[in-house]
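S.K.: I am attaching a structure below and will ask some questions about it afterwards.
The values are calculated or read from the model by the stated rules, or taken from the named source; none is laboratory data. Source: prediction; values computed, not measured. Here the Cβ positions follow ideal geometry from the backbone for every residue, glycine too, while neighbour counts run over all protein chains shown. The area values use the complete protein model at the heavy-atom level, side chains included, leaving out ligands, DNA and RNA. Shrake-Rupley method; radii C 1.70, N 1.55, O 1.52, S 1.80 Å.
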Amino acid sequence: MGETARRARLSPAEVTEQSMPGIGRRFDLPLGDDQSIVTVIHHSGRRDLYVLAAGHEEPAATASLSDAQARTLSAILGGAYFKPSVVEEIESVVGGLLIDWVTVSEDSRGAGQSIADLEIRRHTGMTVAAIVRDDDAILAPEPTEVLRAEDRLVVLGRPDDLIRFRRHVIDP
Amino acid sequence: MSNELIAVGGALITAALLARLGRRIGFPTIPLFMLAGVVFGPHTPGLDLVEDPGDLGLLATLGLILLLFHLGLEFNISGLTSGGRKLLGTGALYLALNMTGGLLFALALGWGVAEAFVIAGAVGISSSAIVTKLVTELRRLANPETRVILGIIVVEDLFLAVYLAALQPLLGDADSLVSAIGEFAVALGFLVVLAVIARWGATAVGRLVPTDDDELLTVSFVGLAVLVAGIASELGVSDAIGAFMIGLIVAETAAAERISRLVLPLRDTFAAVFFFAFGLSIDPADLGSVTAVVAGAVVLTLILNVVAGLITARWYKFSRVAALNISFTTLGRGELSLILASLAIAAGLDERIAPLIGAYVLILAVVGPLLSSRSTAIAKRIPQRAP
């Protein structure tokens, strides 16, 4: 699952960027099926969205958002409020740093053990930045924190280390 | 002093109120700011907010300077070069058609040579402000032809700077060919010096000012713009070109985007005073003498724009609708036409230029958006022969 998601993940090369003199910048994201979404970011902060279908002169849909609305929408799309379980394990890489959410299950190796016991950083190179447990977030958990089933861990590290982390903490 | 304050405050308020009314029917703001000046000026019955247009003189000039400074600042050379020769060619086609048409039209009607060149520029150059607003409002930013429209606008903006320099001898007080050439040389030399600074000295200019403080940034760069405009004016080059060129230079610095954002509200305020002040110089009684000319100029622009749009669409293999989108969207005339007209008035050319260009801009402000939003319907009515 994780591997498919990674391959399907958008590489920046798929987005094309253009400058629009006097207006701002335009970003094209092809969706396949001859559809694409065009985002125009105005100098004023306004965002315009256009859904285009090949062969149609008029856009299928348009929307205009303020800066604040655009940020809210991007947070919704990014899964900040609700992450469907199928895509839960899609990680994001920013400047070579990977940030991912992983969920501890009942039969995970790490369930019932503390971060120190597992020696997570030494064995995997990853850092547990936060634990989301029953809607509470434990930021920068102490090494003595014991992982439980259903915990959602926010982990940071190098992309290559994620597999080792899964093997060490999440897998049965 | 109190008189002047009431004049400035009244000008801004009435301009804003009128533009607000117009916005409901999709009317661009610039022509309405000007209309407010006509209505509340000394030439019309009723309330005269401003008895003496001179009361607004300095502030209107600031508006002109900030308009051109911002135009230079926003000028995007990469937008020009990324489109390649084809886009440059399209812009050139637009200018050549519209300006040649305007020039011949004015000469044929017996206007003086200097006046004819001003009219050619005023009817030949679209308003970047109105056009960009229109494509945004009509939600055409993703259309393929919009890139071409914006390209045309960029070419026209750049052309305006060169044209202002070229007009200098005509607008100046040169009384012989030699002194006219001399003035043109000074204007051109000044442009070249500024262009060289723009190319190689922008980082030095950027270093003059601390860029981490919005307050200092605004004060420094508005000061720089006004100072350079003043020096340009002193050298016999117009303040407008000076402001545009310093804008181009600042555009190359790292802080360009922030300066542009900071200067924008100032520009909007003082530009409104400028348009209002231009309206003051229009005497509606003079309109009678230019009615036919205005109508002729509007029809001419309409025809030439449609022709240019059709040719452009053929080059780019665009549809008939896209062709008309290009034609009608670029109809908008505004700040650049009014700037040219106000420079002509300041230089003492035929005063009928003010009502002519004023009425022309006002009519196209209605006709442009009206036609542009209906280009699909209009395209269907045009007999379908091979484009």
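S.K.: Can you say whether B:Val273 is open to solvent by less than 10 Å² (accessible area, probe 1.4 Å) and not in a loop (DSSP other than H, G, I, E, B), as far as the supplied structure shows?
M.R.: Numbers: open to solvent by less than 10 Å² (accessible area, probe 1.4 Å): yes; not in a loop (DSSP other than H, G, I, E, B): yes.
So B:Val273 passes the test.
S.K.: Moving to a separate point now. Out of the residues in segment B:39-60 that are in a helix (DSSP H, G or I) and surrounded by 23 or more Cβ atoms within 10 Å (Cβ to Cβ), which is modelled with the highest pLDDT? Reasoning before the result, please.
M.R.: Within segment B:39-60, the first condition is being in a helix (DSSP H, G or I), and the residues that meet it are B:39, B:53-60.
From the residues that got through so far, the ones that are surrounded by 23 or more Cβ atoms within 10 Å (Cβ to Cβ) too are B:56, B:60.
Values: B:Leu56: 82, B:Ala60: 90.
The qualifying residue modelled with the highest pLDDT is B:Ala60.
S.K.: Can you name the residue in segment A:65-106 that is surrounded by fewer than 10 Cβ atoms within 10 Å (Cβ to Cβ) and of a type in the set (A, V, I, L, M, F, W, C) and, of all such residues, is modelled with the highest pLDDT? Full working, then the answer.
M.R.: Looking only at segment A:65-106, we keep the residues that are surrounded by fewer than 10 Cβ atoms within 10 Å (Cβ to Cβ), and these are A:68, A:77, A:81-82, A:84-86, A:94-96.
If we keep only those that are of a type in the set (A, V, I, L, M, F, W, C) as well, we get A:68, A:77, A:82, A:86, A:94.
On the way: A:Ala68: 92, A:Leu77: 86, A:Phe82: 73, A:Val86: 53, A:Val94: 65.
Checking each candidate, the answer is A:Ala68.
S.K.: Here is a follow-up. Kindly list, by first and then second residue, each pair from a residue in segment B:151-162 that is within 11 Å of another protein chain (Cβ to nearest Cβ) and within 14 Å of B:Val123 (Cα to Cα) to a residue that is of a type in the set (Asp, Glu) and assigned to a helix (DSSP H, G or I), limited to pairs with Cβ atoms under 7 Å and residues at least 6 apart or on different chains.
M.R.: Going by the 7 Å Cβ cut-off, there are no qualifying pairs.
S.K.: Okay, moving on. From B:Gly334, B:Gly309, grab the single residue that is crowded, with 23+ Cβ neighbours inside 10 Å and modelled with pLDDT under 90.
M.R.: Values: B:Gly309 fails: modelled with pLDDT under 90.
Only one candidate passes the filter, namely B:Gly334.
S.K.: Within segment B:292-338, work out how many residues are among the hydrophobic types (A, V, I, L, M, F, W, C), away from chain A (no Cβ under 14 Å) and part of a helix (DSSP H, G or I).
M.R.: Going through segment B:292-338, the residues among the hydrophobic types (A, V, I, L, M, F, W, C) turn out to be B:292-295, B:297-300, B:302-304, B:306-308, B:310-311, B:313, B:315, B:318, B:321-324, B:326, B:328, B:331, B:336, B:338.
With the extra rule that they be away from chain A (no Cβ under 14 Å), the set shrinks to B:292-295, B:297-300, B:302-304, B:306-308, B:310-311, B:315, B:328, B:331, B:338.
Filter again for part of a helix (DSSP H, G or I), leaving B:292-295, B:297-300, B:302-304, B:306-308, B:310-311, B:315, B:328, B:338.
So the count comes out to 19.
S.K.: For the subset of segment B:233-245 comprising residues that are open to solvent by 10 Å² or more (accessible area, probe 1.4 Å) and touching a helix residue (DSSP H, G or I) at 6+ places or on another chain (Cβ under 8 Å), which member is nearest to B:Ser220 (Cα to Cα)? Walk me through how you get there before you give the answer.
M.R.: To start, the set of residues in segment B:233-245 that are open to solvent by 10 Å² or more (accessible area, probe 1.4 Å) comprises B:233-236, B:238-239, B:245.
Now restrict to residues that are touching a helix residue (DSSP H, G or I) at 6+ places or on another chain (Cβ under 8 Å): B:233, B:235-236, B:238-239, B:245.
Values: B:Ser233: 20, B:Leu235: 22, B:Gly236: 24, B:Ser238: 22, B:Asp239: 18, B:Met245: 16 Å.
The residue in question is B:Met245.
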